[in-house]
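Since every read-out is calculated from the coordinates, none of them should be taken as a lab result. Keep in mind it's a predicted model, so treat the numbers as computed, not measured. Backbone-built Cβ (ideal geometry, glycine too); neighbour counts: all protein chains shown.
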Amino acid sequence: MKKHPLEYLNETQLDELLNYNAQPFDNENKNNIHQKFAAKKIGVQKRNKRRKRWLVSVATASFALLLVGFTFRDDLSLAYKKRFGNETELLLLNSDKLSQTVTDQGLELKAVASFKDGSNQYLVSQLTDLTGERLDKDTIIDRWEMFGGGNTQMTHYDASTKTATLLTSAIGATDTPRSGFQLTAFVSGKKDFTTTYHPDWQKLLQSKKNWIDLTNQKAQGGGLNEEVAKNYGINWNELIKTGLKPLQANAKLDHSFTISNIAYRDDLLHLQLKIPNTPKMAAIFPYLVINNKKIASFADFSVDYGTHNNKTGRPDYQEYIFPVKKADLMQAKLVLDGWQWKTYQEGDWTIQLKKTKELPLTKLPPQIIKNQQEKVKLDNIKLSPIALDFSYSGKLNGTKITLNYQDGTKFTTTIEYADQRDNHKSENYRYEFGLKDNKEIKSITFNQQELKLTH
């Protein structure tokens, strides 16, 4: 009868193999394993053959579990490193190993591990394409739900197994015994494009143009380069009050893009584009080229007009503002730079999660700090290995937070966009600083006020 490979090991070697069960799988350990089990012709006294058979059986099962453990630790450690930094052992020790799976549309979603940090819960999962090539290194999760929302990112993609590892952080986790993670759409296959057009600017500017009121729009997408805008006396709130009425110019650039409308106001060019409102269209960045000089828009905003496909949550029209004179425009080329997705996949991958492990928390007493000559009250101050979390009443903008480590190093950040919106309700602030054992932090300084930690 053919021997199992492990039967070629003697009993001492089998005992050594079993000892590796609880050890981490790293390069040093791997080398030790190779050295420990290197074939050596040495004299070994004969022992009970039945015991050896039993050892082989145990070692075989144990070795299989060991390899699974290595894969689990490697995948999980890589996911945590992407988000929190290199020192992941603390998270590995405080993560629940999960095994729930769900399959839809030929793709399998598997829950790998989860942990909780205060009111935030983190989930590592793996999405595997069982039947096709719909995942790749550029995969982005388009729609998902878990508690109050948050962020889901792909930490890495394994082309050999067609598996994307995902890390989700969700706010508003409660103490309810069960909660769920639901993934309903993703995109992949990023395709960049750069297309140049030569519009008849003179003809486009001749037709009559109307402006419409946008103050009742429920949402306003876009952005503003404040430094450039100041030169023209423009602010965001005034800019988005009105926009061009869509489709008055209606000049098709190709089968995808249309110049919806165009006009000058206050010597600035307003160029409104109709963009395919589909999940596969990711983003475009238009610019003008005049005598080989690139001129970018310094502001853009969305114009929600008429009925449209709302899968994307975007309106059909985007208006761009360019600082270019009419005489110069006549020589301009229009360039659309951007990317779109090859694959948009919908489905229903829902996993129910049990109450999970929590990271160790250091709770600190309430503080009243001074910021810009005003008092700010801090409550529910909690420090975990990955974040500082607290509620506040007052103006927090500009506050400097310094983490003082036991070895003398310091890490400082300045808070932005965190003023209290409702005078009768405190706000929450959370600062993820990476990954450090709480015992390594000696104190926290808010501006000049130091709060010492007792471990």
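Miscellaneous remarks
- Region 309-455, relative contact order [Cα under 8 Å, separation at least 6], %: 18
- For L253, the residues whose amide H sits under 5 Å from its own are T258, I259, ignoring neighbours fewer than 5 places away on the same chain, with H placed 1.01 Å from N.
- Shape category assigned to region 193-339 from the gyration tensor of Cα positions, a/c cut at 1.5: rounded
- Residues whose amide H lies under 5 Å from that of F285, counting only those 5 or more places away or on a different chain, are D337, G338; hydrogens are built 1.01 Å from N in the peptide plane.
- Qualifying aspartates and glutamates (Cα of each under 13 Å from Cα of K245; at least 8 residues distant if same chain): D213, D304, D316, E319
- Three-way shape label, region 245-319, alpha-carbon gyration tensor, a/c 1.5: prolate
- Within the straight-line cut-off of under 13 Å between alpha carbons, the aspartates and glutamates reachable from K326 are D200, D266, D267, sequence neighbours fewer than 8 places apart in one chain being disregarded.
- Relative protection proxy for 121-130, 390-399, 218-227, from highest mean packing down: 121-130, 390-399, 218-227 (other beta-carbon atoms within 10 angstrom).
- The residues D136, D379, when put in order of fewest to most other Cβ atoms within 10 Å, stand as D379, D136.
- Along region 233-245 the Karplus relation, 6.51 cos²θ - 1.76 cosθ + 1.60 evaluated at θ = phi - 60°, assigns HN-Hα couplings of x, 10, 10, 4, 4, 6, 4, 8, 6, 9, x, 5, 6 Hz to successive residues, with x for each Gly and Pro.
- Nonlocal amide H pairs with E358, under 5 Å, H built at 1.01 Å: K116
- Of the cross-linked pairs K82/K116; K162/K190; K116/K370; K311/K355; K81/K370; K355/K375, those separated by over 28 Å at the C-alpha level are K116/K370; K311/K355; K81/K370; K355/K375.
- Cα centroid separation, region 135-170 to region 261-276 (Å): 37
- Under 16 Å of direct C-alpha separation, and excluding same-chain neighbours fewer than eight residues apart, K400 reaches these aspartates and glutamates: E374, D389, E416, D419, E432, E450.
- Backbone phi angles across region 160-171, fed through the Karplus curve with coefficients 6.51, -1.76 and 1.60 (θ = phi - 60°), yield HN-Hα couplings of 5, 10, 6, 10, 9, 8, 10, 10, 10, 10, 10, 8 Hz in residue order; Gly and Pro are listed as x.
- Calculated P(r) of region 300-422 - Cα pairs past 19 Å, %: 74
- Whole-Hz Karplus values for region 256-269 come out as 9, 10, 9, 7, 6, 6, 7, 6, 9, 9, 6, 6, 10, 7 Hz, taken residue by residue from phi with 6.51 cos²θ - 1.76 cosθ + 1.60 and θ = phi - 60°; glycine and proline positions read x.
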